[in-house]
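Read through the structure below, which is laid out as structure tokens, and then see the notes.
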Amino acid sequence: MKKIILTFFLLLQSLVSFTQTQYPSTKTVDSSDTYFGKTYKDPYRWLEKMQDEEVKKWFNDQAELTNSISNKISGKKELVEEWQSLEKYKSTNYFNRNTSTDYIIYQKKEPSVSNTNLYIKRKSNNKEEILIDTKLAIDTSLGFAFESAIISYDGKKAVLSFLKNGTEVSLLKILNIETKTILKDSIYPSFGNSVRWSDDNNSFIYASLPTDDNTSSDFLSGTKTKLHHVGDNLLKDKVYCSISDYPELKITSDRRPGGEITYYSPNYIFAYANNDDGIILSYYAPKEELNKAHIS
């Protein structure tokens with residue numbers, strides 16, 4: 001603990017000495033939005049265009065300045081070693097727990113292990129088994145890491161979501177829980193949190209993204225919510241809801257469409273559109289509409 005306190009004061013002293021640092025210049029632009037008669041200026045909006053060379057240069061200049069300062073701070077090595085020594089005191093973390101009639105499925109992260117694995121505990125014998133080693137489930141050199149498992153209502157299948165590093169984009173795979181095998185279905189690019197199993201336990205709703213470039217203007221507006229039947233070719237997937245295919249819903253380009261065919265509501269199906277403002281626009285239709293080319 002003494003090492004941490006000493007290192008903190010050394011860091012503080014170093015930062016104070018750099019208060020006169022000349023930061024890279026940041027231009028401002030004349031941009032604004034007006035909401036309900038009030039105008040809000042946004043002079044740094046140009047920095048949102050992450051692919052522009054000028055923006056890239058600005059970030060690189062900031063990074064070079066940060067590195068030039070942090071490289072002069074003493075005690076970093078000792079601080080890292082202290083933090084690493086404290087890792088062994090962390091407890092095992094359990095999360096994303098799902099239950100069925102016969103077993104419990106959950107993710108478990110142990111302090112000594114870098115990745116999160118999926119486990120199953122059968123109620124008959126209360127014995128914990130590893131359901132899938134997430135490092136073996138996908139080629140990690142491709143930049144994907146295990147995100148979550150979405151279990152079907154009957155507990156026999158799961159959609160595994162693998163998040164591409166540095167993005168919000170996921171690769172979806174299907175796990176047969178009873179045989180512990182991954183099926184041939186593979187969906188990319190998508191959102192892992194968009195998956196909703198249907199009440200037939202053999203199909204699910206997911207977000208089909210037009211690109212895996214999360215800086216693209218089409219990243220959200222071009223999203224199509226689709227219905228996939230396990231084992232089918234992706235070309236057969238039904239467009240369940242989207243901005244372009246359902247213009248009558250008047251979903252604006254800043255919202256992402258989604259859907260749900262839930263076990264808890266056998267007579268209706270649902271669609272929705274949301275973004276980060278906390279408002280969810282919801283729509284419904286009788287269950288028989290699902291058989292039509294265009295859902296009313």
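The values are calculated or read from the model by the stated rules, or taken from the named source; none is laboratory data. None of the values given here were measured: they were computed from a predicted structure. Heads up, the Cβs are rebuilt from the backbone with ideal geometry, glycines too, and the neighbour counts pull from every protein chain shown.
Numbers below:
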{"item": "Within the range 207-223, tally of residues that are in a strand (DSSP E or B) and under 17 Å from residue 280 (Cα atoms)", "result": "1"}
{"item": "Candidate set: the range 102-120, residues that are closer than 16 Å to residue 156 by Cβ and not hydrophobic (A, V, I, L, M, F, W, C); chosen: the one surrounded by the most Cβ atoms within 10 Å (Cβ to Cβ)", "result": "103"}
{"item": "From the options 223, 215, residue that is under 29 Å from residue 56 (Cα atoms) and loosely packed, with under 14 Cβ neighbours inside 10 Å", "result": "215"}
{"item": "Strands (runs of 3 or more DSSP E) enclosed by the range 99-197 - at least 1 residues per element that are assigned by TED's automatic domain parsing to the domain that holds residue 207", "result": "144-151, 157-164, 170-176, 181-190"}
{"item": "Any pair with Cβ under 8 angstrom, 6 or more apart, that starts in the range 175-187 at a residue that is touching a residue at least 24 places away in the same chain (Cβ under 8 Å) and ends at one that is of a type in the set (Ser, Thr, Tyr) and crowded, with 16+ Cβ neighbours inside 10 Å", "result": "187/206; 187/208"}
{"item": "Residue 105 over 30 Å from residue 291 (Cα atoms) and of a type in the set (Val, Ile, Thr)", "result": "yes"}
{"item": "In the range 250-281, residue surrounded by the most Cβ atoms within 10 Å (Cβ to Cβ) [restricted to those that are among the polar types (S, T, N, Q) and more than 18 Å from residue 195 (Cβ to Cβ)]", "result": "275"}
{"item": "Any hit, the range 273-289, residues being modelled with pLDDT under 90 and part of a helix (DSSP H, G or I)", "result": "no"}
{"item": "Tabulated pairs, the range 78-98, first in contact (Cβ under 8 Å) with a residue 12 or more places away in the chain, second of a type in the set (Phe, Trp, Tyr), C-beta under 9 angstrom, 6+ apart or interchain", "result": "79/8; 94/106; 94/119; 95/106; 96/106; 98/106"}
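Yes/no matrix, rows are residues, columns are (1) within 22 Å of the chain's Cα centre (by Cα); (2) touching a residue at least 12 places away in the same chain (Cβ under 8 Å); (3) in the same structural domain as residue 203 (by TED's automatic domain parsing):
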site	(1), (2), (3)
253	yes, yes, yes
269	no, yes, yes
272	yes, yes, yes
276	yes, no, yes
279	yes, no, yes
284	no, yes, yes
287	no, yes, yes
296	no, no, no
